[in-house]
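The values are calculated or read from the model by the stated rules, or taken from the named source; none is laboratory data. Nothing here was measured: the structure is a model prediction, and the numbers come from that model. No Cβ is skipped: glycine too gets one built from the backbone with ideal geometry, and neighbour counts run over all protein chains shown. These area figures cover heavy atoms from the full protein model, side chains too; ligands, DNA and RNA do not enter into them. Shrake-Rupley method; radii C 1.70, N 1.55, O 1.52, S 1.80 Å.
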Amino acid sequence: MAKRYDLIIIGSGPAGLAAAIYAQRARLNTLVLEKEMMSGGQVLNTYEVDNYPGLPGINGFELGTKFRQHADGLEAVFAEDEVLRIELLKTEERLQAAELRLFGLSSGQDERHDLPEALVWKQVVGKRDVYQAKAVIVAAGATHRKLGVPGEEELAGKGISYCATCDGAFFKRKVTAVIGGGDVALEDAVFLSRMCERVYLIHRRDQLRGAKSLQEKVFATENITVIWDTVVERILGEERVRALSLRNKKTGEAFELALDGVFIAVGITPNTRPYEGLLELENGYIRADEEGNTSVPGIYAAGDARTKRLRQIVTAVADGANAVTSAERYLIEH
Ligand code: NAP
């Protein structure tokens, strides 16, 4: 039989680690499942975090490590596994529960408070093992999105990267381009400008999306050149990237830009595929409110994987705390 917990937290980025800290303090019997051995999530790949209160300019790897150390200090339990799906119950048990409802068990009442005991347990199926808990917090985060142009797959790892802090050092005194206009693209451009000869920031519009403070840094950096209103049509190269085939959207002009490396920062895709069909999604994100409530009672969502306006470390951490508070209430009621 699968090992049982009060709470399973899926993911160990800022949301998952904050949830682990809160769950330990609430003395819940908790397991944190992490896909990779390295806790921290996307923050690990951020060179400088300038908007986490109290720690201006902290290195992302250091902040992620501090979150993990905090959870370790409270004796949080971690297991390395990749979640494939969450199951609620076998069909017969569900039918039985539905019959109970027919006999008035929950008619006219709030479902969340009246679930039969058998419906309460959630089974988390991983690649390595199966786990059960009454409450689950999905804090599975997000991963970088692909650009989807010819040459991207063929030249992956041969001059194309999705992580400037991981791969920037390979491009010392070289010419690179960053594609995108969001926070990540701007941060990457500034980071790369410290080691590259020139960095082109290629954006499809005439206005950047990223924070104004980052925009100011970009405009003030002598070796960053912004190429506006321009899309990448193809990444060119044989053994390695050698140029980009670009088109200006306003003028229609097509041109080539010779360079040594391309950093793609065109947004994120939430890691929510395992929950399709079980949880309600919106544009791929788990539909959840501020308290983390999803469409399934007892399953909560926190961090980048959930619907919300502001995806930052500080909001991920708040989500983790809120989700544990919701899970705790659910556990008291069940
Ligand atoms: P993002 O904010 O969604 O920005 C993606 C950028 O890529 C946008 O400028 C977008 O253009 C562009 N883009 C998207 N698809 C494209 C395509 N096919 N071709 C060309 N350009 C394309 O994503 P992000 O920068 O990865 O950030 C992800 C989330 O993390 C955001 O919520 C961000 O605020 C947050 N974050 C915050 C911080 C911070 O606070 N310091 C740091 C990192 C990340 P358009 O502008 O035209 O849509």
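Annotations
- Strands (runs of 3 or more DSSP E) lying entirely in region 78-197 (those with 2 or more residues that are surrounded by 13 or more Cβ atoms within 10 Å (Cβ to Cβ) and at pLDDT 95 or above): 78-80, 83-87, 122-126, 130-138, 175-179
- Any hit, region 286-309, residues being at pLDDT 95 or above, touching a His at 6+ places or on another chain (Cβ under 8 Å) and over 20 Å from K146 (Cα atoms): yes
- Hey, A305 open to solvent by less than 10 Å² (accessible area, probe 1.4 Å), hydrophobic (A, V, I, L, M, F, W, C) and within 16 Å of the ligand (Cβ to nearest atom) or not: yes
- Odd one out for E256 among (1) at pLDDT below 95; (2) away from the ligand (no atom under 16 Å from the Cβ): (1)
- Within region 211-225, residues that are assigned by TED's automatic domain parsing to the domain that holds S193 have Cβ atoms under 8 Å from residues that are of a type in the set (F, W, Y) and surrounded by 15 or more Cβ atoms within 10 Å (Cβ to Cβ) in these pairs: I224/Y200; T225/Y200, counting only partners at least 6 apart in sequence or on another chain.
- When E36 is tested against the conditions (1) in contact with a helix residue (DSSP H, G or I) (Cβ under 9 Å, 6 or more places away or on another chain); (2) over 15 Å from A302 (Cβ atoms), the lone failure is (1).
- Taken over region 221-235, residues that are within 12 Å of the ligand (Cβ to nearest atom) and either surrounded by 20 or more Cβ atoms within 10 Å (Cβ to Cβ) or in a loop (DSSP other than H, G, I, E, B) (or both) amount to 4.
- Of all residue pairs spaced 6 or more apart or on separate chains, those with beta-carbon atoms under 7 Å, a first member in region 180-194 that is polar (S, T, N, Q) and a second member that is more than 6 Å from the ligand (Cβ to nearest atom) are S193/V199; S193/T221; S193/N223; S193/I224.
- Residues located in region 30-72, provided they are without any contact (Cβ under 8 Å) to a residue 24 or more places away in the chain and β-branched (V, I, T): I58
- Members of region 37-57 found to be assigned to a helix (DSSP H, G or I) and either at pLDDT below 80 or more than 12 Å from the ligand (Cβ to nearest atom) (or both), listed by number: L44
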